[in-house]
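First the structure, in the form of structure tokens, and then the observations on it.
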Amino acid sequence: MGLLKLGFPNQRLHLLHFVPESFSVSTSKFWVQNLTNNKGVKHSALSSTLRSKLIIAKALSTEAEALSQPKKMVKAIGVHELGGPEVLKYENVELGDPKEGEIRIKNKAIGLNFIDIYFRKGVYKAATMPFTPGMEAVGEVTAVGPGLTGRKVGDVVAYAGNPMGSYAEEQILPADKVVPVPPSVDPIIAASIMLKGMTAQFLVRRCFKVESGHTVLVHAAAGGVGSLLCQWANALGATVIGTVSTEEKAAQAKEDGCHHVIIYKEEDFVACVNEITSGKGVEVVYDSVGKDTFQGSLACLKPRGYMVSFGQSSGSPDPVPLSALAAKSLFLTRPSMMQYTSTRDELLETAGEVFANVASGILRVRVNHKYPLSQAAQAHADLENRRTSGSVLLIP
């Protein structure tokens with residue numbers, strides 16, 4: 001006698017029971033693993049004792065019950081190959097139940113960010129293929145994993161960052177990756193500001209600590225993160241210079257706290273910054289554009305200035321020799337929000353400050369574009385071609 005694990009070829013069944021260890025070999029029905037002496041898996045049919053027949057009957061009943069349970073299917077966006085917006089497929093996916101330490105949420109709103117485009121195109125490599133993109137959402141908890149405390153069905157929660165997969169009607173998330181959404185913050189607003197807002201927080205508060213009297217340059221000042229950077233830096237007492245592509249976006253940037261706005265398609269932003277600062281340069285550049293602006297951004301910095309490159313919407317910048325930084329003793333960093341919210345305390349503190357600034361009116365969130373989840377491809381195309389401003393949301 002020993003402790004064996006009995007199952008079927010599809011491995012849905014894991015039935016533990018003390019059973020006779022002698023059995024005749026047959027590969028047609030069962031696999032059995034001896035857990036007493038850690039022997040490997042064998043395919044077999046248990047001996048035909050009454051006890052073994054009862055075990056088999058119980059196993060068959062359990063397997064039939066498992067197979068009869070309806071699978072929960074939800075709509076989601078799947079990426080089966082890398083490429084343009086057309087690779088985003090609206091399809092059915094199977095969703096399981098939350099395991100220990102997990103919750104299931106029904107998404108109310110999903111944030112769309114440029115990092116989603118990077119993964120779709122293969123600039124960043126997804127862990128699996130196919131995959132569901134998306135790194136930001138707000139939803140209502142519909143189920144909690146066994147033994148989980150601190151979260152309950154009905155809670156409204158938000159998350160940003162890993163794990164990827166928010167382009168879905170429902171999803172499973174680690175409970176320690178979500179934060180509660182205060183009642184004072186609308187779920188639509190929360191979904192539009194989680195990733196962008198927490199990015200803005202670590203950029204102006206920790207990556208480089210913006211203070212009163214500083215002059216900062218923000219590229220893509222009318223974009224989702226750029227808009228928040230301008231507002232936050234202005235509130236901290238900095239002089240804000242923003243670059244945009246159109247007159248319309250220039251007007252928005254001014255509303256968001258830019259003291260000086262440069263339309264880079266019409267003006268040389270390096271020359272403009274030099275004129276605005278009387279040749280002194282700026283303390284910090286926040287550059288999410290990348291290749292098209294990188295060298296100019298370095299030229300705009302004052303000695304010991306900070307070059308913060310946090311995106312590459314125009315492509316990856318060319319390699320930078322150390323000698324390019326030496327002339328003015330510049331600092332160069334390529335930060336990621338994941339490293340600034342790696343602990344639970346950091347995550348709660350970062351999100352808490354964002355929500356507090358929204359509630360107090362320091363941050364005004366522009367939800368300028370909403371698309372049905374089924375139209376994610378169009379949303380990607382519009383964002384990639386700079387036809388959007390402010391925050392872009394997908395609604396399941």
(request) Read through the list (1) touching a residue at least 60 places away in the same chain (Cβ under 8 Å); (2) of a type in the set (S, T, N, Q); (3) open to solvent by 20 Å² or more (accessible area, probe 1.4 Å), then give the number of the only condition that Ser192 fails. (result) (3)
(request) Say whether the condition of being within 16 Å of the chain's Cα centre (by Cα), open to solvent by 40 Å² or more (accessible area, probe 1.4 Å) and either among the hydroxyl-bearing types (Ser, Thr, Tyr) or within 24 Å of Ala76 (Cα to Cα) (or both) is met by at least one residue in the range 130-143. (result) no
(request) Report the residue count in the range 245-275 for those that are assigned to a helix (DSSP H, G or I) and either open to solvent by less than 50 Å² (accessible area, probe 1.4 Å) or touching a strand residue (DSSP E or B) at 6+ places or on another chain (Cβ under 9 Å) (or both). (result) 11
(request) May I ask you to verify whether Ala233 is touching a Ser or Thr at 6+ places or on another chain (Cβ under 7 Å) and open to solvent by less than 10 Å² (accessible area, probe 1.4 Å)? (result) no
(request) Run Gly154 past the list (1) in contact (Cβ under 8 Å) with a residue 60 or more places away in the chain; (2) open to solvent by 10 Å² or more (accessible area, probe 1.4 Å); (3) at positive phi; (4) not β-branched (Val, Ile, Thr) and report the number of the one that doesn't hold. (result) (1)
(request) Would you point out which residue out of Lys108, Lys89 is over 15 Å from Ala143 (Cα atoms) and touching a His at 6+ places or on another chain (Cβ under 7 Å)? (result) Lys89
(message) Any residue at all in the range 276-283 that's buried (at least 19 other Cβ atoms within 10 Å of the Cβ) and part of a strand (DSSP E or B)?
(response) yes
(request) Could you list all residues from the range 314-339 that are within 17 Å of the chain's Cα centre (by Cα) and modelled with pLDDT under 95? (result) Ser336, Met337, Met338, Gln339
(request) Kindly provide the set of residues from the range 83-128 that are of a type outside the set (S, T, N, Q), in a loop (DSSP other than H, G, I, E, B) and under 26 Å from Phe310 (Cβ atoms), ordered by number. (result) Gly83, Gly84, Gly122, Val123, Tyr124, Lys125, Ala126, Ala127
(request) Look at the range 241-278 and say how many of its residues are closer than 11 Å to Ala221 by Cβ and β-branched (Val, Ile, Thr). (result) 6
(request) Any chance you could count how many residues in the range 290-321 are in a loop (DSSP other than H, G, I, E, B), more than 19 Å from Leu229 (Cα to Cα) and not polar (S, T, N, Q)? (result) 8
(message) Kindly evaluate Gly224 against the criterion of being more than 20 Å from Asp292 (Cβ to Cβ) and open to solvent by 10 Å² or more (accessible area, probe 1.4 Å).
(response) no
(request) Give the residue, chosen from Phe119, Phe114, that is open to solvent by 20 Å² or more (accessible area, probe 1.4 Å), within 22 Å of Gly290 (Cα to Cα) and in contact with a Pro (Cβ under 9 Å, 6 or more places away or on another chain). (result) Phe119
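The values are calculated or read from the model by the stated rules, or taken from the named source; none is laboratory data. Note that the structure is a prediction, hence the values are computed from the model and not measured. All Cβ positions, glycine included, derive from the backbone under ideal geometry; neighbour counts span all protein chains shown. For the accessible areas, the whole protein counts, side chains as well, though only heavy atoms, and no ligand, DNA or RNA atoms are used. Shrake-Rupley method; radii C 1.70, N 1.55, O 1.52, S 1.80 Å.
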